[in-house]
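Q: I have a structure I would like to understand better, so I am pasting it below and will then ask my questions one at a time.
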Amino acid sequence: MTPILEIKGLHKAFGGLNVVRDLDLVVNTGEVVSVIGPNGAGKTTLFNMISGIYEPDDGDILLDGASIVGFSPEQISNLGVARTFQTLRVFLNMTVRENVMAATYGATKTRMWQSALRTPAARREEDEVRRRAEEKLAFFGDRLMGYRWDQPAYSLSYANRRRLEIARAMATNPRLLMLDEPAAGMNPVETHEITGLIGRLREEAGYSILVIEHDMHVVEGISDRVIALDHGVKIAEGAFGDVAEDPAVIEAYLGYGAATK
Amino acid sequence: MSHIGVDRWVEESGDRQEHHTGWTAPARRLFDKVRPGWRLAIFIALVSIYPLLVSQAGVRIGITVLVLAMLALGLNIVVGWAGLLDLGYVAFYGFGAYFYAVVSSDQLPAHWPTWVSIPVVVAATALLGALLSLPSRRLVGDYLAIMTLFFAQVFVEIVRNYSRLPGVETDITGGPNGITGVDPLSLFGFQFNTFSRNFYLLVALLALLIVSLHHINDSRTGRAWRALREDTLAAEHMTTPVNRLKMLAFAVGAAIAGLSGAIFAAVQVGVFPNNFLLVFLITVYAALILGGLGSIPGAIIGAIAVAFTPEILRSPGAAGWLFYIGVLALLLVVLKQRARLAAVIAGVVAFGYVFRMVALGIWDETILGTANDTLTGGILDGWLLILGEHQDVVTNYAFVLVIVGVLGVIVTKGWWRVAIFVPTIYLAVFVWENKLALQPSVTRQLLFGGVLMVMMAVRPQGLLGTRRVEIT
């Protein structure tokens with residue numbers, strides 16, 4: 001198995017607070033890796049460093065063997081890393097279809113003057129982008145289909161906004177998809193759906209996936225490998241069953257001594 | 001899988017939005033029914049016959065409207081689409097105007113042909129726009145606004161005070177006196193030396209601009225602008241080079257402003273620092289916001305409304321019409337029930353007769369003056385009290401009472417509102433006929449401000465804008 005993402009000795013501090021400490025992490029091609037840990041464990045900070053919002057203080061992030069440290073989010077997304085956000089960040093006042101189409105900017109070439117004149121090339125690319133967006137939206141069954149395409153994103157329910165964010169991330173043609181709590185705020189039925197969806201994202205769309213998730217049913221259902229963080233340190237790694245029973249993980253969640261009771 | 005019952009409410013929300021309600025509904029339905037291409041064709045046709053119907057002064061006003069429309073369209077790119085609050089926009093307009101004036105007058109002296117000067121001016125202004133977009137890389141919202149406001153102020157100060165270039169004898173910008181004797185535009189030997197010719201030139205340019213912007217809005221670039229307005233960080237993660245797009249928005253907006261400025265300078269045959277003050281920036285913003293931020297037809301209609309209204313208000317008769325129509329429109333908007341509307345109108349009529357009777361009973365007919373020669377003078381005789389003596393004092397008090405009444409209308413509901421409306425409207429008419437109709441210059445500003453306020457209260461998203469949602 002070839003690693004698509006390799007993180008070596010990653011370190012990040014905000015002032016005196018060490019948020020991520022000496023972290024090593026590998027995501028192999030075609031793998032689904034879950035990152036778990038209590039609130040404040042540094043999971044989202046890890047995502048923010050991979051996607052280019054923060055620059056790590058130390059360590060290296062390798063995508064296909066090449067370092068992406070110091071790259072902007074735009075460059076990293078163009079290299080094939082897409083993400084969703086824990087707090088939803090869809091483009092609320094754009095239509096559902098436009099949200100997804102907007103994510104194809106980096107993969108398209110039409111210049112502004114070509115758009116202004118609506119040249120044949122611009123038209124062709126526009127049709128192509130539209131088709132691609134609709135294809136991504138179709139991935140979610142009838143949840144984001146039909147009449148919803150032309151609705152503003154703010155009219156969507158919470159769960160559908162999450163789906164839209166995933167569709168938008170898919171439109172950037174990623175190889176590594178990072179999902180920050182995809183099941184947060186969803187009801188049990190929708191949570192169950194998300195589990196199936198992440199499986200399909202790997203099988204049908206062929207992405208390698210890195211997930212932050214708190215819902216252990218989801219984590220159990222999707223993960224090839226689970227990595228547990230606490231206070232920025234990796235405390236356990238392995239199959240779900242092993243990590244779930246790891247004393248360090250139980251202590252991190254339930255407090256000192258909980259594992260031995 | 002059945003769609004029925006999934007969430008009908010959401011499914012039908014579009015229909016609810018499409019189904020316009022209220023007194024503007026027929027107009028908006030009609031507007032929606034016409035396709036954008038035809039809208040433009042109808043607009044151009046109507047605009048093109050305008051100069052045939054009016055005097056030279058009317059054509060001159062038309063030019064003002066068209067220049068304002070172009071500026072509003074350019075500003076819409078930066079503010080409406082890219083969401084960057086640019087208060088330095090008027091500087092680009094001024095820069096274009098001054099640049100053209102300097103290279104087309106005895107100032108240097110240089111008299112560049114139009115086919116050279118216009119492209120150079122537009123390119124230079126775009127470059128300036130790109131340069132001044134640099135703060136927007138780090139600043140957004142209020143901070144960017146303050147920064148760009150500084151540019152606008154600096155431009156006027158430079159033009160006024162630092163007008164000499166090393167090695168050049170004369171004032172480049174002419175200081176406070178500005179530049180006069182600017183060449184008219186001229187293409188292929190055709191001189192744009194009359195108002196009408198410039199008017200049609202502007203119509204053609206505006207049509208081109210509308211089509212181009214309409215296409216750009218619905219393209220990769222337009223979507224990227226709106227995406228960065230909605231959420232810059234998310235846009236950046238979705239492969240959008242946000243800094244480059246901010247720069248592009250500034251540059252394109254500035255280029256349009258530069259072109260408008262150059263044409264303005266040519267039409268006015270001169271440029272003066274006072275043409276580019278903040279007041280004018282506010283006018284452009286008023287046009288854009290009134291029409292609806294983010295909407296192309298909105299920017300045009302806003303420009304027409306903002307530029308024409310003060311002109312209409314110049315004549316007391318027309319101002320009177322506008323006043324009464326405004327009062328009626330306000331009633332229609334505020335009182336949605338017909339019964340209450342009828343009650344208010346009947347109440348105002350009755351109130352007038354009773355008020356006049358009581359007033360004449362207490363004092364006598366000697367307090368009466370002659371009705372002003374406004375449009376409505378004849379109709380209102382016998383109902384309205386037109387004062388002779390003490391007019392100033394009484395109307396000043398009445399004016400204050402009107403404001404109190406308006407506040408009362410705002411804070412009350414239901415029949416209380418109806419009850420307060422009756423004396424307030426009577427007093428408003430009283431103040432209008434006794435005082436304001438006699439002072440058109442003051443009234444004009446007052447009414448214009450009132451029109452804008454009412455508009456924004458009724459439709460915060462502007463005439464043709466769509467309401468934006470910012471909750472998550």
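Q: If r is the Cβ-Cβ distance from B:Ala318 to B:Thr194 and R0 is 30 Å, what FRET efficiency results, to the nearest 0.05?
A: Working from the Cβ atoms, E equals 0.70.
Q: Which value, in debye to the nearest 20, gives the size of the charge dipole of segment B:29-163 about its Cα centre, when Lys and Arg are +1 and Asp and Glu are -1 at the Cβ?
A: My answer is approximately 460 debye.
Q: Would any residue of segment A:59-102 have its amide N under 19 Å from a label point 7 Å out along Cα→Cβ of A:Glu128? List them or say none.
A: A:78-80, A:98, A:100-102
Q: Moving to a separate point now. So for chain A, taking the charge dipole from beta-carbon charges (+1 Lys/Arg, -1 Asp/Glu), which of A:Pro38, A:Ala228, A:Ile61 sits furthest toward the positive end?
A: Of the options given, the answer is A:Ile61.
Q: Further, regarding this structure: Can you compute the charge dipole magnitude of chain B about its Cα centre, using +1 on each Lys and Arg Cβ and -1 on each Asp and Glu Cβ, nothing else charged? Give it in debye, rounded to the nearest 20.
A: 1080 debye
Q: Which listed residue (B:Ile296, B:Ile362, B:Val393) has the Cα farthest towards the positive end of the charge dipole for chain B, taking +1 on Lys and Arg C-beta and -1 on Asp and Glu C-beta about the Cα centre?
A: B:Ile296
Q: What is the gain in length, in nm to one decimal, between B:Lys413 and B:Ala204 on full extension, counting 0.36 nm per residue of separation less the C-alpha to C-alpha distance?
A: 70.3 nm
Q: Can you tell me how segment B:318-438 classifies by the Cα gyration tensor, rounded, prolate or oblate, using a/c under 1.5 as the rounded cut?
A: prolate
Q: How much of the DSSP bridge set in chain A is antiparallel, in percent, rounded to the nearest 5?
A: Bridges in chain A are about 55 percent antiparallel.
Q: By its C-alpha gyration tensor, with a ≥ b ≥ c as the square roots of the eigenvalues, how is segment B:35-312 shaped: rounded for a/c under 1.5, else prolate for a/b larger than b/c, else oblate? Don't skip to the end; give the middle numbers.
A: Working: a/c = 1.77, a/b = 1.15, b/c = 1.53.
Verdict is oblate for segment B:35-312.
Q: Also, I was wondering about something else. Give me the distance in nm between label points sitting 7 Å out from Cα along the Cα-to-Cβ direction at B:Gln391 and A:Tyr147, one decimal.
A: 6.1 nm
Q: Mind giving me the FRET efficiency for A:Ala138 and B:Arg138? R0 is 51 Å, r the Cβ-Cβ distance, nearest 0.05 is fine.
A: 0.80
Q: Moving to a separate point now. Could you give the length gained on full extension between A:Asp224 and A:Arg111, defined as 0.36 nm per residue of separation minus the Cα-Cα distance, in nm?
A: Here the segment from A:Asp224 to A:Arg111 would lengthen by 36.4 nm.
Q: Give me the distance between the Cα centres of segment B:118-189 and segment B:270-345, rounded to whole Å.
A: 30 Å
Q: Under the classification rounded if a/c is under 1.5, otherwise prolate if a/b is larger than b/c and oblate if not, where does chain B fall, given a ≥ b ≥ c as square roots of the Cα gyration tensor eigenvalues?
A: Judged from the Cα gyration tensor, chain B comes out oblate (a/c at least 1.5, b/c at or above a/b).
Q: Which value, in debye to the nearest 20, describes the size of the charge dipole of segment B:207-364 about its Cα centre when Lys and Arg Cβ atoms bear +1, Asp and Glu Cβ atoms bear -1, and nothing else is charged? Walk me through the numbers before you get to the answer.
A: Working: 11 positive and 6 negative charges, 58 e Å.
Value, rounded to 20: 280 debye.
Q: Can you tell which of A:Met94, A:Ala122, A:Val211 lies farthest toward the positive end of the dipole of chain A, using +1 and -1 charges on the Cβ of basic and acidic side chains (Lys, Arg; Asp, Glu)?
A: A:Ala122
Q: Let me ask something additional. I'd like the antiparallel share, as a percent to the nearest 5, of DSSP beta bridges with both residues in the protein assembly as shown.
A: 65 percent
Q: Between B:Ile158 and B:His111, what FRET efficiency follows from the Cβ-Cβ distance if R0 is 25 Å, with the result rounded to 0.05? Kindly include the intermediate steps, with their values, before the conclusion.
A: Details: r = 24 Å, r/R0 = 0.96.
In this case the efficiency is close to 0.55.
Q: Quick one: which residues, 5+ away or cross-chain, put their amide H under 5 Å from the amide H of A:Val32? H built at 1.01 Å from N.
A: Placed amide hydrogens put A:Ile209, A:Asp224, A:Arg225 under 5 Å from A:Val32.
Read-outs: derived from the displayed coordinates by stated rules, not from any lab. Predicted model, so just to flag it, every value in this text is computed and none were measured. Neighbour counts run over all protein chains shown; Cβ positions are idealised from the backbone, glycine included.
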